[in-house]
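The block underneath contains the structure these notes are about, expressed in structure tokens.
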Amino acid sequence: MAIPVFSHPDCLAHDPGPGHPETPARLAAVLARLRVEPSARLVEAPPGDRDALRRVHPEAHLAELEELSRAGGGSVSLDTCANGASWAAVLGATGALAAAIEAAHAGGTHSFAAVRPPGHHALANRAMGFCLVNNVVVGAREAQRLGRDRILIIDWDVHHGNGTQALVEADPTVRYVSLHQHPWYPGTGLAEERGVGNIFNVPRGPGAPADRYVEDLWSAIVAATDRWVPDLVLLSAGYDALAGDPLGGFTLEPADLAGLTERLRERLPMVPIVGVLEGGYRPARVAEGVAATVRALA
Ligand SMILES: [Zn+2]
């Protein structure tokens, strides 16, 4: 059965500038691929609302992003830029994510949010690492608002989701499992960083066989779900963990991530899974990665 994949056209209009790796071509490639993928049903979501963002970010941070965008854009930090469409893209991504969670919550289906900019580096009051707001944590809070109390976030982006960890590390209702390259940007994500026992970091060097990354991440997922069954799983699905990505040194293939997704479904058979696009900087590879993940969810 095809699963719904939600997106919003404004997510294509955010542009951090010429030569920037987080290009609109990434999402364009994903959407083009999904249009011919039988296991995906593409759905345009309505834009999200500010209240969903306010559950994670202070109003000052949101107002700053909105104002920067209204002024035509500019640098937020060294590597993170906005243009005139970035605030609309943030709302579009929020809407797509909310629709994906609603489909999973009420519709009993796995789903995927094909959005940008990515989110897992964004802190409560600081945009960084190409991320303006933290999509996956906004999604976690939305799911909790709907009554899904325990949320498991699995992050296979090649970079550590420092923003996600910072936003949930004091909250035992959310567990965060991350496989990431280390040492690497942004420098966080040591195994000793355990939060309140809810953080499961798997830092690994580059260039290992793909099976090692898969088995080590799987062990962390098993540890995180030992006598703790989540009500919803969010995948921080970054495809810069695939072999050949310009911003990472991991060796994974789309089939590895699909295999992980299938194992996750077997381990947690009654739990809806919502994928959220994070990084991945070779557009054709990102498209194949998302398609493989969606096939595994369908
Ligand atoms: Zn990344």
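Bear in mind these aren't lab numbers, they're just calculated from the coordinates by the rules spelled out. Keep in mind that this is a model prediction, so the values were computed, not measured. With ideal geometry, Cβ positions are generated from the backbone for all residues, glycine too; neighbour counts draw on all protein chains shown.
Listed values, structure above:
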| read-out | value |
| --- | --- |
| Rounded to 5, percent antiparallel among DSSP beta bridges of the stretch 20-175 | 75 |
| Built amide H within the under 5 Å cut-off of Arg175, gap 5+ | Ile151, Leu152, Ile153 |
| Mean separation of Cα contacts under 8 Å, 6 or more apart, over the residue count of the stretch 3-297: relative contact order % | 20 |
| Anisotropy class of the stretch 18-120 from Cα gyration tensor, a/c 1.5 cut | oblate |
| Of all DSSP beta bridges in the chain, antiparallel share, percent nearest 5 | 15 |
| Packing-based order for 21-32, 36-47, using average beta carbon neighbours within 10 Å, highest first | 21-32, 36-47 |
| Point-charge dipole on Cβ atoms (K/R +1, D/E -1) for the stretch 3-297, about Cα centre, debye to 20 | 400 |
| DSSP-loop trypsin sites (Lys or Arg not before Pro) across the stretch 131-189, with at most 13 other Cβ within 10 angstrom | none |
| Tensor-based shape of the chain (alpha-carbon gyration tensor, a/c under 1.5 rounded, otherwise prolate or oblate) | rounded |
| Among 3-12, 235-244, 186-195, the order from most to least packed when residues are scored by Cβ within 10 Å on average | 235-244, 3-12, 186-195 |
| Furthest towards positive pole of dipole, Gly92, Ala60, Gly107, structure part the stretch 3-297, Cβ charges | Gly107 |
| Tensor-based shape of the stretch 178-298 (alpha-carbon gyration tensor, a/c under 1.5 rounded, otherwise prolate or oblate) | oblate |
| Amide N of the stretch 1-15 lying under 18 Å from the label point, which is placed 7 angstrom from the Cα of Arg265 along Cα→Cβ | 1-6 |
| Gaussian network model of the chain, springs between alpha carbon atoms under 10 Å - residue of Gly197, Gly19, Gly161 with greatest fluctuation | Gly19 |
